[in-house]
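The values are calculated or read from the model by the stated rules, or taken from the named source; none is laboratory data. These numbers were taken from a predicted model, which means no experiment stands behind them. In this analysis, Cβ positions are derived from the backbone assuming ideal geometry, glycine residues included, and neighbour counts consider all displayed protein chains. For the accessible areas, the whole protein counts, side chains as well, though only heavy atoms, and no ligand, DNA or RNA atoms are used. Shrake-Rupley method; radii C 1.70, N 1.55, O 1.52, S 1.80 Å.
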Amino acid sequence: AEKIIAKILFGRKINKKTGKLKDIDTVFTIWKKAKVNAFVELKNVKLFLKKKKIFYLDWVGPDKNSFYKKKIELASGDTTSVLASSISISSNKRDPGSYKLKVYLFNELISEKSFTLVK
(Lines give C-alpha, C1' and ligand atoms only; values in the text may rest on other atoms or scores of the structure.)
Protein backbone atom coordinates (compact mmCIF):
# COMPACT_ATOMS: atom_id res chain seq x y z
CA ALA A 1 0.00 0.00 0.00
CA GLU A 2 1.12 3.52 -0.75
CA LYS A 3 2.14 5.59 2.25
CA ILE A 4 2.83 9.20 2.93
CA ILE A 5 6.59 9.67 3.05
CA ALA A 6 8.06 12.39 5.24
CA LYS A 7 11.56 13.81 4.74
CA ILE A 8 12.86 15.98 7.58
CA LEU A 9 15.23 18.91 7.03
CA PHE A 10 16.69 21.15 9.72
CA GLY A 11 17.90 24.68 9.10
CA ARG A 12 18.93 27.83 10.91
CA LYS A 13 16.83 30.28 8.93
CA ILE A 14 13.88 30.57 6.59
CA ASN A 15 14.23 32.78 3.52
CA LYS A 16 11.59 35.48 3.94
CA LYS A 17 11.06 35.87 0.19
CA THR A 18 10.85 32.24 -0.88
CA GLY A 19 9.78 30.59 2.37
CA LYS A 20 12.53 28.02 1.77
CA LEU A 21 14.72 26.61 4.52
CA LYS A 22 18.27 28.02 4.60
CA ASP A 23 21.54 26.93 6.23
CA ILE A 24 20.45 23.29 6.25
CA ASP A 25 22.46 21.25 8.74
CA THR A 26 22.22 18.73 11.57
CA VAL A 27 24.60 20.50 14.00
CA PHE A 28 23.57 23.79 15.60
CA THR A 29 25.30 26.10 18.06
CA ILE A 30 23.33 27.12 21.14
CA TRP A 31 23.02 30.88 21.45
CA LYS A 32 20.53 33.62 22.33
CA LYS A 33 17.56 33.99 19.99
CA ALA A 34 18.73 31.02 17.90
CA LYS A 35 16.22 28.52 16.56
CA VAL A 36 16.22 25.18 14.84
CA ASN A 37 13.61 25.19 12.09
CA ALA A 38 12.29 21.90 10.79
CA PHE A 39 10.58 21.40 7.46
CA VAL A 40 8.89 18.06 6.87
CA GLU A 41 8.47 17.48 3.15
CA LEU A 42 5.55 15.18 2.47
CA LYS A 43 5.34 12.92 -0.56
CA ASN A 44 2.25 11.00 -1.76
CA VAL A 45 -0.11 13.42 0.04
CA LYS A 46 -2.32 13.60 -3.06
CA LEU A 47 -3.11 9.89 -2.74
CA PHE A 48 -4.85 10.69 0.53
CA LEU A 49 -6.71 13.87 -0.48
CA LYS A 50 -10.11 12.55 0.51
CA LYS A 51 -9.03 11.89 4.07
CA LYS A 52 -8.39 14.19 6.98
CA LYS A 53 -4.83 13.75 8.23
CA ILE A 54 -3.47 14.48 11.69
CA PHE A 55 0.29 14.83 12.04
CA TYR A 56 2.26 15.19 15.26
CA LEU A 57 5.73 16.71 15.22
CA ASP A 58 7.40 15.51 18.40
CA TRP A 59 10.65 17.15 19.54
CA VAL A 60 12.70 14.85 21.80
CA GLY A 61 15.63 15.88 23.99
CA PRO A 62 18.87 14.10 24.92
CA ASP A 63 17.04 12.58 27.90
CA LYS A 64 14.74 10.81 25.36
CA ASN A 65 11.76 12.77 26.71
CA SER A 66 9.42 14.73 24.48
CA PHE A 67 9.56 18.44 25.30
CA TYR A 68 7.35 19.92 22.57
CA LYS A 69 4.63 18.37 20.44
CA LYS A 70 2.96 20.19 17.58
CA LYS A 71 -0.29 18.87 16.16
CA ILE A 72 -1.06 19.72 12.54
CA GLU A 73 -4.43 18.81 11.06
CA LEU A 74 -4.93 18.77 7.32
CA ALA A 75 -8.53 18.73 6.20
CA SER A 76 -9.58 16.48 3.35
CA GLY A 77 -8.68 18.19 0.08
CA ASP A 78 -5.72 20.02 1.65
CA THR A 79 -2.69 19.71 -0.65
CA THR A 80 -0.14 20.98 1.89
CA SER A 81 3.17 19.25 1.22
CA VAL A 82 5.43 20.87 3.83
CA LEU A 83 4.91 20.92 7.59
CA ALA A 84 6.95 23.36 9.64
CA SER A 85 7.92 23.64 13.28
CA SER A 86 10.72 25.30 15.20
CA ILE A 87 12.24 25.34 18.66
CA SER A 88 14.33 27.88 20.50
CA ILE A 89 17.90 26.79 21.17
CA SER A 90 18.94 29.59 23.51
CA SER A 91 21.26 28.48 26.30
CA ASN A 92 18.67 29.06 29.04
CA LYS A 93 16.35 26.51 27.36
CA ARG A 94 18.56 23.81 25.83
CA ASP A 95 21.62 21.80 26.78
CA PRO A 96 24.17 20.41 24.32
CA GLY A 97 23.44 16.91 23.13
CA SER A 98 21.60 14.80 20.61
CA TYR A 99 17.99 15.72 19.84
CA LYS A 100 15.42 14.16 17.57
CA LEU A 101 12.31 15.15 15.68
CA LYS A 102 9.73 12.41 15.23
CA VAL A 103 6.87 12.71 12.76
CA TYR A 104 3.68 10.77 13.34
CA LEU A 105 0.70 10.39 11.04
CA PHE A 106 -2.12 9.69 13.46
CA ASN A 107 -0.31 7.33 15.84
CA GLU A 108 2.15 5.82 13.37
CA LEU A 109 5.76 6.98 13.35
CA ILE A 110 6.52 7.79 9.69
CA SER A 111 9.87 9.56 10.01
CA GLU A 112 12.52 10.61 12.51
CA LYS A 113 15.79 12.48 12.29
CA SER A 114 18.43 13.48 14.80
CA PHE A 115 20.33 16.73 15.17
CA THR A 116 23.00 17.87 17.60
CA LEU A 117 23.27 21.00 19.71
CA VAL A 118 26.76 22.21 20.64
CA LYS A 119 27.98 25.10 22.76
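How do ASP63, ASP58, ASP78, ASP23 stack up against each other in accessible area, from largest to smallest, with a 1.4 angstrom probe?
So the residues, ranked largest to smallest area, are ASP63, ASP23, ASP78, ASP58.
For the cross-link pairs LYS13/LYS35; LYS33/LYS93; LYS20/LYS100, which exceed 18 Å when the distance is taken from alpha carbon to alpha carbon?
Long pairs (Cα-Cα over 18 Å): LYS20/LYS100.
Once the Cβ-Cβ distance between LYS7 and LYS100 is put in as r, and R0 is 22 Å, what FRET efficiency do you end up with, to the nearest 0.05?
The computed FRET efficiency comes out at 0.90.
Could you order LEU117, LEU109, LEU47, LEU21 so the one with the most accessible surface comes first? Probe is 1.4 Å.
If we order LEU117, LEU109, LEU47, LEU21 from most to least accessible, we get LEU47, LEU109, LEU21, LEU117.
By how many nm would the segment from GLU108 to ASP63 grow when fully extended, if each residue of separation counts as 0.36 nm and the alpha-carbon distance is taken off?
Length gained between GLU108 and ASP63: 14.0 nm.
Using only the Cα atoms, work out Rg/Rh for the chain, with Rh taken as the Kirkwood radius, to two decimals.
My calculation puts Rg/Rh at 0.99.
To the nearest 20 debye, what is the magnitude of the charge dipole of the range 16-61 about its Cα centre, counting +1 on the Cβ of each Lys and Arg and -1 on the Cβ of each Asp and Glu?
Around 420 debye, computed over the range 16-61.
With a cap of 14 neighbouring Cβ atoms within 10 Å, and only residues DSSP puts in a loop, list the chymotrypsin sites (Phe, Trp or Tyr not before Pro) found in the range 45-119.
Counting only loop positions with at most 14 other Cβ atoms within 10 Å, the chymotrypsin sites (Phe, Trp or Tyr not before Pro) in the range 45-119 are PHE106.
Mind checking the dipole of the chain: about its Cα centre, +1 per Lys or Arg Cβ, -1 per Asp or Glu Cβ, Debye to the nearest 20?
The calculated dipole for the chain is roughly 420 debye.
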